[in-house]
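Throughout, read-outs are computed from the coordinates displayed, never taken from laboratory work. Not measured: the values here are computed from a predicted model. Every residue, glycine among them, receives a Cβ derived from its backbone with ideal geometry; neighbour counts consider all protein chains shown.
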Amino acid sequence: MAAGDDQPPLTPAQPHSLAALQLRHGPNLRWWGLLTVMIGNMGAVMAATTINVAIPAISHVFALGPQQAQWLATGFMAAMTLSMLATPWLLQRWGYRRAYIGMLVLLGAGGLAGGLSGSVGMLMAMRVVEGLAAGVLQTIPGVIIMRAFASHEQGRAMGIFGFGTVLAPAIGPSVGGVLIELFGWRAIFFFVLPFCLIGAELARRMLPHSAPGGEAVDRAAPPPDAASLALLAGSLGALLNGLVELQGTRPPVGAGLVALALVLMALFVRRQRHAAAPLLPLALFGQPVFAAAGIVAFVYGAGLFGSTYLLPLFMLQALQLPPSQVGTVLLPAGLALALTIPLAGRLADKQPVYLAITGGLVVMALSFVLMIGVGQGTAIGWIVAWAVLGRLGLGFVVPSLNLGAMRGLPPPQIPAGASAVNFLRQLGGAIGVNLVGILLGWRLQVYGHGPDGLLRAFHEVFVLMALLTVAAAAAAWRMKR
């Protein structure tokens, strides 16, 4: 599927070789491939986001406490973050077609078994299974866009893909709420099955069985380093559990787990220097532009996921808006994001991507600063305007970040680069959500839960979001090198 790759060693006589698919579908093959991975990715995003509306019902059925319920989302996030780094090996070992269909089968199996679960242990295990599949499904599209599209088309392709990606979480909670009312919480898990079935059928028809670059699959490719996997899994588990404990009743336990996570992460990084098949090739960060993009991805992920959690909570608790009105306020922002991304993708083909990323982050930071002036007497129109402004800024970052990170990499390093950028963004997001919760809880202890105390606490957290975003903008400016 690569625009600039050498002729693949596979012959047109093989029905699923790259050459045969190009003969069958012509130049539109790359767009069919983009549609295929977009549908699978939408299923993965749906699995990640729709669970939030089902947590109250699941907690009631299985008598879960708040921390146990949080692991329905946290376990998924940890598994997804871990599997992202295994994507290059999966593509080399199995090729596009088998790897993508395999992950869709895994996602569908996790959804089906999760919906049929009779115990909380089974339910959480299936969330981990879904997360493992989702991490790979979210990483492969970036590889395909960088290899299948010419450089002057990559921004447009990333914009179209980004539109589908943000559309899923925009409609997911609403559709999920309707499904729960009609069929119960189990329908949330079954909801991913149509995406898996349609995506798998399209992948069977449109994706080649070759590895990236049209290379033949290598069944002897060494698997990811087992010690690296164990260290990373232990670090992620300790970190996320520790951050949850810091928000609960056992802060000393949480602090100990976070310290353990940092030690394990340091050992993981050290291991990458000596492992025969490292999960995270440190040579990538020898490229100055990629190193800057990695910093942007991590800090931007923390600000993005943290603000996505913070904004609805601010309107519900501090502004005392009813849930229906919160949805009405956020809808224009979601539509603005969906419409901005394709436009920003086209601009990324014509302008230096560091300008789009830096400008978008500055606009996001400005929206957080403006939120500091919002109180209970603020007109709804201004709240909508600041939320839209933030999503407009975000729309310019989404299609440009991966492009800016990977355009300077040699083609063989693109799969590892895509995995690393997604990993860092997801890791930043996991930390950002919990950081918002910790800081908000701390400031509420200081100011109290009265109307004035709530506003002051939330306003100070918006200051944190603005500072994080400005830091990401400073790193993005370094990408101009």
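A few points about this structure:
- Charges were assigned to the Cβ only: +1 to each Lys and Arg, -1 to each Asp and Glu. The resulting dipole of segment 183-228 about its Cα centre is roughly 280 debye.
- Integer Hz, Karplus 6.51/-1.76/1.60 couplings in order for segment 398-414, x for Gly and Pro: 3, x, 8, 5, 4, 4, x, 6, 9, 5, x, 8, x, x, x, 8, 4
- Modelled label positions at Ala63 and Phe285, each set 7 Å beyond Cα in the direction of Cβ, lie 4.7 nm from each other.
- Karplus-derived HN-Hα couplings along segment 380-396 (A = 6.51, B = -1.76, C = 1.60, θ = phi - 60°), whole Hz, x at Gly and Pro: 4, x, 5, 5, 4, 4, 5, 5, 4, 4, x, 6, 4, x, 4, x, 7
- The calculated pair-distance distribution of the chain uses every alpha carbon pair, bins of 10 angstrom beginning at 0, and gives 4, 20, 31, 29, 13, 3, 0, 0 percent.
- Segment 45-198 shape via C-alpha gyration tensor axes, a/c threshold 1.5: prolate
- Virtual spin-label span in nm between Ala226 and Leu467, 7 Å along Cα→Cβ: 4.4
- For segment 254-295 and segment 378-411, distance of Cα centres in Å: 27
- Dipole magnitude for the chain: computed about the Cα centre from +1 point charges on Lys and Arg Cβ and -1 point charges on Asp and Glu Cβ, it is near 620 debye.
- When shorter helices are ignored and each DSSP H run of at least 4 residues is given -39500 (n - 2.57), the per-residue value for the chain at 222 nm works out to -27000 deg cm²/dmol.
- Amide H within-cut-off set for Asp225, under 5 Å, with H built and near neighbours excluded: Ala277, Leu279
- Shown is the FRET efficiency for Tyr447 and Ala385, computed with R0 = 25 Å from the Cβ-Cβ distance and rounded to the nearest 0.05: 0.40.
- Couplings 3J(HN,Hα) for segment 330-337, derived from phi with the Karplus relation 6.51 cos²θ - 1.76 cosθ + 1.60 (θ = phi - 60°), are 7, 4, x, 5, x, 5, 4, 5 Hz, where x marks Gly and Pro.
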